[in-house]
Amino acid sequence: MSLKTKYFVDDKEVSKDYFQMINFLKDKCKVRHACKQKDGQDDCEFKQICVGINGVPVNNTLRTEVDIRSRGFEVVEDKYRKHPNIDIQRPKRSTKNSAGYDICTPIKIIIPAGGISEAIQTDIKAYMLEDEVLEIYPRSSLGFEKCLMLINTVGIIDSDYYSNTKNDGNIGFKLKNLTDEEVVIEAGEKIMQGIFKKYLKEDNDNTTEERNGGIGSTGK
């Protein structure tokens, strides 16, 4: 089970940072039922902060909601996005019996003959139950039609990769060109598929270490 808290100010969903700022001001402001700034007064000690977030929050209604979820995909937080001006497509299945969720490249990729692409970030992250894993495979057409492969053959996305402190769980990839010609993949093309799976632990498994980063953070 995955829990996600949503933050609302006057029924509008906002970021956690914005919500905390509003909550701080409501707690500290000495005027509970009227706003000095709205009344044209200049002696409010929080004037500069309030102006910085476009209005005084004294009368705002704050609330939070907790979503109980099992698994799914999200766009990473803005500060971790590599392609902030692109409308990111969330992975989805193509048919009702498809096992894999198709993942698209957000940008055009040009891979030289026999070469390897740069690391491409999808700006997508995945959440899942603690005993699940998301496996990333190349789509069949990537190998059969374009003769490309994932550089690590299969990607393994652990449940604790989600929202990690280094990259927020941004799923990335590199492609290897197995041909003697340049291969071009257009932005928006489906290139990979992600499959959620349960995994098992051995009887004597007592691992207690926690992830504190992104790719390669669990050791060499």
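A short reminder: the numbers here are calculations on the coordinates, not readings from a lab. Remember, it's a predicted structure, so these values are computed and weren't measured experimentally. Note that we place each Cβ from the backbone using ideal geometry, even for glycine, and neighbour counts take in every protein chain shown.
Amide H to amide H, with H built 1.01 Å from N, residue 139 comes under 5 Å of 192, 193, counting only residues 5 or more places away or on other chains.
Straight-line cross-link partners of residue 190 among the aspartates and glutamates, defined as a Cα under 20 Å from its Cα and at least 8 positions apart when in the same chain: 74, 87, 102, 118, 123, 135, 145, 182. In order along segment 144-154, phi translates into HN-Hα couplings of 6, 9, 10, 6, 10, 9, 5, 5, 9, 6, 9 Hz, rounded to whole numbers, per the Karplus curve 6.51 cos²θ - 1.76 cosθ + 1.60 with θ = phi - 60° and x for Gly and Pro.
Once the convex hull of all Cα atoms in segment 143-185 is built, its volume per residue stands at 94 Å³. Here the 3J(HN,Hα) profile of segment 83-97, calculated from phi with Karplus coefficients 6.51, -1.76 and 1.60 at θ = phi - 60°, is 10, x, 9, 10, 6, 6, 8, 6, x, 8, 7, 7, 9, 5, 10 Hz, Gly and Pro shown as x. Protection proxy ranking of 168-178, 127-137, 196-206, by the mean of other Cβ atoms within 10 Å over each peptide's residues and highest first, is 168-178, 127-137, 196-206. Its Cα centre serving as origin, segment 71-113 has a Cβ charge dipole (Lys and Arg +1, Asp and Glu -1) of approximately 140 debye. Here r is the Cβ-Cβ distance between residue 154 and residue 85 and R0 is 45 Å; the resulting FRET efficiency, rounded to 0.05, is 0.90. With 0.36 nm allotted per residue and the present C-alpha distance subtracted, the residue 5-residue 71 stretch has 22.2 nm of extension available. Only lysines eight or more places from residue 26 in sequence, or on another chain, were considered; those with a Cα closer than 29 Å are 4, 6, 12, 16, 36, 38, 47, 79.
Placing pseudo-labels 7 Å out from each Cα toward the beta carbon at residue 14 and residue 211 gives an inter-label distance of 3.1 nm. Charge dipole of segment 76-146 (Cα centre as origin; +1 on each Lys and Arg Cβ, -1 on each Asp and Glu Cβ, all else neutral): 320 debye, rounded to the nearest 20.
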